[in-house]
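Everything on this sheet refers to the single structure shown next.
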Amino acid sequence: MIWNSDISKAMTIQLEKIFDKLPEHPEFVNSVRRAPKRSFTLSRRDTALALTNALRYIPEKWHRKLASEFLNELLTTGRIYGYRFRPEGMITGRPIDEYKGKCIEGKAFQVMIDNNLDFDIALYPYELVTYGETGQVCQNWMQYRIIKRYLEEMTQDQTLVVESGHPLGLFASSSEAPRVIITNALMVGVFDDPENLHRAAALGVANYGQMTAGGWMYIGPQGIVHGTYSTILNAGRTKLNIPPDRDLSGYLFVTSGLGGMSGAQGKAVEIAGGVGIIAEVDYSRIQTRHEQEWVHDVVDDPGKAFELANNYQNRRERRAIAFYGNVVDLLEYAVGHHVKIDLLSDQTSCHAVYEGGYCPQGLTFEQRTDLLEKDHKKFKEYVNTSLKRHYEQIKILVERGTYFFDYGNSFLKAVFDAGVKAICKNGKDPIDGFIFPSYVEDIMGPLLFDYGYGPFRWVCLSGKRDDLLKTDAAAMECIDPDRRFQDKDNYVWIRHADKNNLVVGTQARILYQDAMGRMNIALKFNEMVRNRDIGPVMLGRDHHDTGGTDSPFRETANIKDGSNIMADMATQCFAGNAARGMSLVALHNGGGVGIGNAINGGFGLVLNGSERVDNIIRSAIPWDVMGGVARRAWARNKNSIDTSIKYNQTRKGTDHITLPFIPDENLVKDLVADVFNE
Ligand SMILES: NC(=O)c1ccc[n+]([C@@H]2O[C@H](COP(=O)([O-])OP(=O)(O)OC[C@H]3O[C@@H](n4cnc5c(N)ncnc54)[C@H](O)[C@@H]3O)[C@@H](O)[C@H]2O)c1
């Protein structure tokens, strides 16, 4: 017989050691956004399992009280969040020196976790959702508390293992090993689908980490502003024939979503010089972006939105307009009134389309929340009808000359799932892709990822704005704006970064860079830390990068050798980063496109000024990027082959990439034609 008293005695890190007595339920601020109810679909047996699972974190003396409280949470929210264990008040990423810890990494990751849960950053802070409707730091507040305590206790010879939010424990490793290894929602193939994830999350055994939510590397919407800016600017260059030295002035970009990531769209279109109309059904999100001055006008009438936009376009003024309403209504107006839209996209949370991520036409945001809770089947029908209608408007606009691209939110897949087979190139299934491009397939893949440019980022852990300004200046010195147009764009970006007032939460910066660019900047920063010019720095990146993510509907959409259905690259990237000593490595299932549609990973590297960290930078940063470029080169992507040829020259003796020979097209074609008697 195993007794709870023995179990309790066997652990020095557990809730009982954190709290002398059961904490009071904290006060919740009414104005803070709350996650909608995740539909409760557990069987009787599973309901008992979910409760028993949650009580694993709880000392026996509190079981009686918490069992009914947890059951109530499960029935009313669809999950057991353990609200009682949430710290009272605002959580925010504080300066690193304010955290307890036995190693710098232990303190640094507490800053990152708390930043991911800041009211100004997180989408649903009380439910630990950072962004993307369902992307959580961990599953519940018990895990949060225990992870934080582990990070306080961790030494530099130990590694904390976190499996889907659950802190498995601290294990001896070495100072050269990662301090934290995270995996999220890695489901066994046969169960790797939304229904099983839904059940597993309700049971408390799966965490949907999205990308940087569960990887603790989210830096607010700034993280995506740079990517959005590059995407729409390059969409303009390649599809509207705007010359490389001109911006989007006079052009109209229409899209939807002012949420966690999508909230960047207004800011990005203004930085790119254009006019944007962004539809959003949730007024609170419009308010947030308006207060931040990331959108400047708010209208609820489609005609007024297009009229305003037209005035700004004529005056060549940069401007972001929020349309308070459903994007399908906005597009129907554009179709009906023959409005010319240059660039069109969508950034509703279609990766979680039936969980509230997409608000169907005909329902207000509040009605959507209500119906989601009361009648999921009907809600699904509404979503499917709306997606069909949405698709029809886009099709008409594209026929009239608009350039539409899927913005990595699984919109095209959602339209397919809603029953529109015509969205597939082959008219039956998505294996050959969709009739509209994804932004990675057309723009970001060939122009950025194939060269290794990706969303490199850093956080000044001192919390000092001065440190950020110093790092901006140092990064700028590392860029040669005359090398490639991408470098020029990055140079302009970083030069104006402070003026553009991009920081929300910790003092962070994003800068798209290639492998050597990232390495040089990282070495420079570590030297600055060593010389005490600045405090310690956390380096990281979005998972949405050259080598971090295998995702046929997004990051690897421009991989055409058939390997877009494989997840070897992201897995190798994760393992290679661990082997080279990154401070944190993370590997997730799902990300921005939904469960089963992607495997993605990221890293964190704490710059403490040491030579050890210099060595990690020299091996891990080039690997992190070039593993992706090498795989893209092997898939015969031209820009990756060029980049890899140069890499083999400059890194001769240290690295060596296998390159593909390209057969004569006709040789293959003729031979195959013979086989198929064509
Ligand atoms: N392009 C990228 O690089 C990238 C990066 C990260 C995430 N994403 C994807 O983009 C999507 C959005 O991410 P997010 O973090 O902003 O999510 P979010 O849920 O915070 O924001 C989406 C917003 O869309 C609004 N919305 C939903 N349906 C609408 C409708 N019919 N009309 C108007 N507004 C509507 C919601 O109210 C919400 O505010 C996700 O699927 C995410 O995975 C893309």
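Every number here is computed from the coordinates shown, using simple stated rules; none is lab data. Keep in mind it's a predicted model, so treat the numbers as computed, not measured. Please note: Cβ atoms are built from the backbone with ideal geometry, for glycine as well, and neighbour counts cover all protein chains shown.
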- Item | Theoretical ellipticity at 222 nm over the chain - DSSP helices of four or more residues, -39500 (n - 2.57) apiece, nearest 500 | -12500 deg cm²/dmol
- When you count, for each residue, the other Cβ atoms within 10 Å and take the mean per peptide, how do 498-508, 436-446 rank with the highest first? 436-446, 498-508
- Packing rank of 253-262, 85-94, 106-115, where each peptide gets the mean count of other beta carbons within 10 Å, highest leading: 253-262, 106-115, 85-94
- Item | Fraction of alpha-carbon pairs over 23 Å apart in the range 43-131 - percent | 41 percent
- Item | aspartates and glutamates with Cα under 18 Å of LYS380, excluding same-chain neighbours fewer than 8 positions away | GLU133, ASP193, GLU195, GLU355, GLU366, ASP370, ASP417
- Low-density loop cleavage sites - GluC sites (Glu not before Pro) in the range 171-276, where at most 16 other Cβ are within 10 Å (DSSP): GLU176
- Item | Hydrodynamic radius (Kirkwood) for the chain, which is based on Cα pairs only, to one decimal in Å | 25.6 Å
- the chain - share of DSSP beta bridges that are antiparallel (%, nearest 5): 55 percent
- Counting other C-beta atoms within 10 Å, which of TYR354, TYR407 has the fewest, and how do the rest follow? TYR354, TYR407
- Counting Lys and Arg as +1 and Asp and Glu as -1 over every other residue whose Cβ sits under 11 Å from the Cβ of SER438, the net charge comes to -2
- Task: Provide the packing ranking of 282-289, 29-36, i.e. peptides ordered by the mean count of other C-beta atoms within 10 Å per residue, highest first.
- Result: 282-289, 29-36
- Total charge dipole magnitude, the chain, about the Cα centre, Cβ charges on Lys, Arg, Asp, Glu only, Debye to nearest 20: 780 debye
- Message: Per q in 0.10, 0.11, 0.21 Å⁻¹, report the Debye log10 I(q)/I(0) for the range 153-268, using one uniform scatterer on each alpha carbon and no solvent.
- Response: -0.54, -0.62, -1.09
- Message: Over 23 Å between Cα atoms: which of LYS638/LYS669; LYS395/LYS638; LYS470/LYS646; LYS37/LYS148; LYS524/LYS638 fall into that group?
- Response: LYS395/LYS638; LYS470/LYS646; LYS37/LYS148; LYS524/LYS638
- Query: What is the local net charge at MET566, summed over the other residues whose Cβ is closer than 14 Å to its Cβ (Lys, Arg +1; Asp, Glu -1)?
  - Reply: -1
- Message: Could you compute the net charge surrounding ARG484? Neighbours are other residues with a C-beta less than 13 Å from the C-beta of ARG484; K and R count +1, D and E count -1.
- Response: -4
